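There's a structure below that I have some questions on.
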Amino acid sequence: MTELTTESAPKKRILSMYQCTGVFTLGNFLGAIRNHVGFQDEYECIYALADLHAITVRQDPKKFRKYILESYAYLLAMGIDLEKTILFIQSQVPEHAQLSWILNCYTQFGELSRMTQFKDKSQKHADNVNAGLFTYPCLMAADILLYQADFVPVGADQKQHVELARNVAERFNGLYSPTFPVPQPLIPKHGARVMSLQDPSKKMSKSDENLNGTITMADDPDTILRKFKRAVTDSESQVRYAPGKDGVNNLMEIYASLTGKTMEEIEREFEGKGYGDFKPAVAQVVIDALVPIQKRFKELMEDPEYLEKCYTENAQKAHYLAQKTLSKVMKKIGYLPAKLH
Ligand code: AQP
């Protein structure tokens, strides 16, 4: 008889980062963060606030500082568990900038020129097409490779950047010797893509100037209800998931994602009723999901010492892992190490 072993294989590692350029939206929550919370038992998760990436677009210092701390608290309130996961702030771990420079020198100008996000963002911010916007994928490669991540959960818009990180990792491994595991994109099975309530052809976004298009994690119940009541739909009044009904489809996706119901079940539930009944029902499930998060967020923000302790300890944990990779990389390149402390 073969003996059963109780030893389990080591968990695969996941890396994901979030921009802290505003208050998280319902899109960030349903499309990403909620899934990432769910990964915490199956994987070893390392999550961070990408505040170095954030300055590729100008940030107001006062607001930026506030968004960084608030985003950290929101992630904890949404369910990131520091007993299981490392959650740190990118700028507090200097190895990101260091490895990013190194990887800049192993990435070709032509590769970066092909990045569609650079093309999009440089059009959107035509008055500030800075070098950081161009080399952003090298910093993202550094973020991933520093932690030897196996998987990077990404939406379709970030797949190209993970591809670049893979190419750089393979190039470096080929030039020297195996140094980085080659990361794989993890496309979530249940990642809702939440669209703007005012323009359902655009994704819901923190930086949308039309505030009515976005539900933020900070919106109170009255605001949420008002925004859903104003959501763009169509001239029909039937709750039906169909091509050409982008506004209603988006509301149905949100409702499905929070209730676990299928589109057919939702259609049956609202049969014979119009958008006047459906919109407040969607608002209500969103309110029910957001209120407990807001309550926990408020408690966390009332305890800045606890938050500081969390982000400091987590920066230390991240730094420990990151410096191990960075010193390996530097040794392979031929740098001379110095013991500074
Ligand atoms: N509308 C969305 N639907 C589904 N997923 C979304 N994500 C963002 N918006 C939606 C996912 O959330 C994760 C974290 O995103 P991010 O904070 O890194 O920044 P982003 O994608 O640039 O989000 P925003 O809100 O649109 O920010 P701004 O306005 O600053 O550009 C990612 O996994 C993302 O796919």
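Residue separation times 0.36 nm, minus the C-alpha to C-alpha distance between residue 159 and residue 129: what's the value? Walk me through the numbers on the way to the answer.
Values: separation 30, 0.36 × 30 = 10.80 nm, distance 2.20 nm.
Gain on extension, residue 159 to residue 129, equals 8.6 nm.
Under a plain spin-label model, where a point goes 7 Å from the Cα along Cα-to-Cβ, how far apart in nm are residue 291 and residue 306?
2.2 nm
Further question on the same structure: Could you give the angle, 0 to 90 degrees to the nearest 10, between helix 61-77's Cα long axis and the longest principal axis of the Cα atoms of the chain?
80 degrees
Okay, next question. From zero outward in steps of 10 Å, how is the percent of C-alpha pairs of the stretch 211-300 spread across the bins?
So the P(r) values, bin by bin, are 17, 49, 27, 7, 1.
Any idea what Rg and Dmax come out to for the stretch 11-82 if you just take the C-alpha atoms, in Å?
Looking at the stretch 11-82, its Cα Rg and Dmax stand at 12.6, 40 Å.
Per residue and in Å³, how big is the convex hull formed by the alpha-carbon atoms of the chain? Walk me through the numbers on the way to the answer.
Values: hull volume 66.0 nm³, N = 341.
Measuring per residue, one finds 194 Å³ for the Cα hull of the chain.
So if I restrict to the alpha-carbon atoms in the stretch 38-126, what is the Rg, and what is Dmax, the biggest pairwise distance, in Å?
Taking only Cα atoms of the stretch 38-126, I get Rg and Dmax of 16.1, 43 Å.
Between the stretch 224-275 and the stretch 160-206, what's the alpha-carbon centroid distance in Å?
30 Å
Each reported figure results from applying straightforward, stated rules to the coordinates on display, with no laboratory input. Just so we're clear, the structure is a prediction, and the values are computed from it rather than from any experiment. Every residue, glycine as well, gets a Cβ built from its backbone with ideal geometry; the counts of neighbours run over all protein chains shown.
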